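See below for the structure under consideration.
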Amino acid sequence: RTRSCSNHGVTDVLDRQVYGGFITGDLLEMPAGPLSVALGFERREESYDFRPDTAAQGGEFGDPQPPIFGEIDITEFYAEARVPLLESAPAAHYLGLELAIRTSDYSTVGNVSTWKAGVEWAPIDWFRVRGAYNVAIRAPNLDELFATQTIGFSAGDDPCDQDFNPSQAVRDLCVQQGIAASEIDTYDQINVGFGVQSGGNPNLREEESDTWTIGAVITPPMIEGLNLTIDYYDIEIESAIDQLSAQQVVNSCFRTLDNSSETCQAINRFPNGQIDFVAATLKNLAVLTASGLDLQADYGFDLP
């Protein structure tokens, strides 16, 4: 599938090709039922082509817009299985496992593997308990990797300004960044903010997540048509892709007081020491967590 659009001398072309295949079936008959499996593969190729004309590249419609081309290709293989262990046994109307594994080769982040293991137990026919553990990833998409980097303006404070009574350690860092030592004691920020460089980052890594779930399904026989489910989930995402504000980058730099740190290197100053712009492109930043309960109740009945 190809999508393109043009506006003000700029053409965007997004191309995606996907193909794959799978087979499913019962591998063998077990005492508690058939061992069902699925095997498959998928190949995806995506590209983004940003084509500005000469006027757009020269900045006639705003900031200069250089041409950009980026592409991603992914090859994946996966296997899934449903394994019945017990059926119509004492204290086990049903007991079974669900297993899945996927291996993916990204042209951007390399080889990654994800998997899932789940168990389902029904001590009686109207009460079922289920739980699972899942390891997953999300690779950065085309926009996150290759979006045009632009410089805008943001309000913000320079910690080197004398009005903030900077400590000696802060003043030393300010001098390292380019403010003249002879002017550091009287340095004033001229503007009410500074430039912010935002956009994609081709060096992004994949996000990784671990998910636990446990829940129950209840279909009480005394109320025909009623179905109740409750599930608890706990999700943790590492290396989450996000963007800091320019002020957050500056504040982080002056907390570490290490001019070689990534956040300090993101601060770009004019020869007179004033902040020109702060690089605040997308990054693999932090850990995100979420947990909670999903509740559902539905009731069905026949109409006349």
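The values are calculated or read from the model by the stated rules, or taken from the named source; none is laboratory data. Keep in mind that this is a model prediction, so the values were computed, not measured. Cβ coordinates were reconstructed from backbone atoms using ideal geometry, including for glycine residues, and neighbour counts include every protein chain displayed. Quick note on the areas: whole protein, heavy atoms, side chains included, nothing else; ligands and nucleic acids left out. Shrake-Rupley method; radii C 1.70, N 1.55, O 1.52, S 1.80 Å.
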- Accessible area in square angstrom per residue, the stretch 220-280, 1.4 angstrom probe: 53 Å²
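In the stretch 71-222, how does Rg compare with the Kirkwood Rh, expressed as the Rg/Rh ratio over alpha carbon atoms?
Details: Rg = 28.4 Å, Rh = 21.5 Å.
Radius of gyration relative to Kirkwood radius: 1.32.
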- Query: Gaussian network model of the chain, Cα springs within a sub-10 Å range: biggest mean-square fluctuation belongs to which of SER88, SER198, SER209?
  - Reply: SER88
- Highest first, please rank the peptides 160-168, 46-54, 230-238 by the mean number of other Cβ atoms sitting within 10 Å of their residues. 46-54, 230-238, 160-168
- Task: Write down the radius of gyration of the stretch 219-304 and its Dmax, each obtained from C-alpha positions, in Å.
- Result: 25.7, 84
- Message: About the Cα centre, and with charges only on the beta carbon of Lys, Arg (+1) and Asp, Glu (-1), how big is the dipole of the chain? Nearest 20 debye, please.
- Response: 340 debye
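Hey, got a sec? Which GluC sites (Glu not before Pro) in the stretch 56-127 land in a DSSP loop and have at most 15 other Cβ atoms within 10 Å? Walk me through the intermediate numbers first.
Details: sites: GLU60, GLU71, GLU76, GLU80, GLU87, GLU98, GLU120; in loops: GLU60.
The qualifying sites are GLU60.
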- How far is helix 246-256 tilted, in degrees, relative to the longest principal axis of the Cα atoms in the chain, given as a value from 0 to 90 rounded to the nearest 10? 80 degrees
- Message: Using a Gaussian network model on the chain with a 10 Å cutoff between Cα atoms, which of GLY152, GLY178, GLY225 fluctuates the most?
- Response: GLY225
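Using the Kirkwood radius over Cα pairs, work out the Stokes-Einstein diffusion coefficient for the stretch 173-250 at 10 °C and 1.306 mPa s, in µm²/s as a whole number.
Working: Rh = 19.1 Å.
Translational D for this selection: 83 µm²/s.
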- Message: Could you work out the relative contact order of the chain? I mean the mean sequence separation of Cα pairs under 8 Å and 6+ apart, divided by the number of residues, in percent.
- Response: 13 percent
- With the dipole of the chain worked out from charges on the C-beta (+1 for Lys and Arg, -1 for Asp and Glu) around the Cα centre, which of ALA216, ALA266, GLN197 lies farthest toward the positive end? ALA216
- Given the peptides 185-194, 240-249, arrange them by the average over their residues of other C-beta atoms within 10 Å, most packed first. 240-249, 185-194
- Among ASN134, TRP121, PRO166, pick out the residue whose Cα is farthest towards the positive end of the charge dipole of the stretch 95-183, where Lys and Arg carry +1 and Asp and Glu carry -1 on C-beta, about the Cα centre. TRP121
- Item | Value of D in µm² per second that Stokes-Einstein yields for the chain, Kirkwood Rh from Cα pairs, at 10 °C (1.306 mPa s) | 65 µm²/s
- Message: Can you tally the net charge around VAL135? Count Lys and Arg as +1, Asp and Glu as -1, for every other residue whose Cβ sits under 13 Å from the Cβ of VAL135.
- Response: -3
- Message: Explain nothing, just the number: dipole magnitude of the stretch 172-245 about its Cα centre with +1 on each Lys and Arg Cβ and -1 on each Asp and Glu Cβ, in debye rounded to the nearest 20.
- Response: 220 debye
- To the nearest 10 degrees, the tilt of helix 168-177 (Cα long axis) against the first principal axis of the alpha carbons of the chain is 80 degrees
- Task: For the stretch 131-272, calculate the relative contact order in percent as a whole number, restricting contacts to Cα pairs under 8 Å that are 6 or more residues apart.
- Result: 31 percent
- Take the chain, connect every pair of alpha-carbon atoms lying under 10 Å apart with a spring to form a Gaussian network, then pick out the residue of PHE22, PHE146, PHE41 with the largest mean-square fluctuation. PHE22
- Query: Considering the dipole of the stretch 1-159 built from charges on the beta carbon (Lys and Arg +1, Asp and Glu -1) around the Cα centre, which of THR150, PHE69, MET30 is farthest to its positive end?
  - Reply: MET30
- Gain on full stretching of the segment that runs from GLU183 to ARG255 - 0.36 nm per residue minus C-alpha separation: 23.7 nm
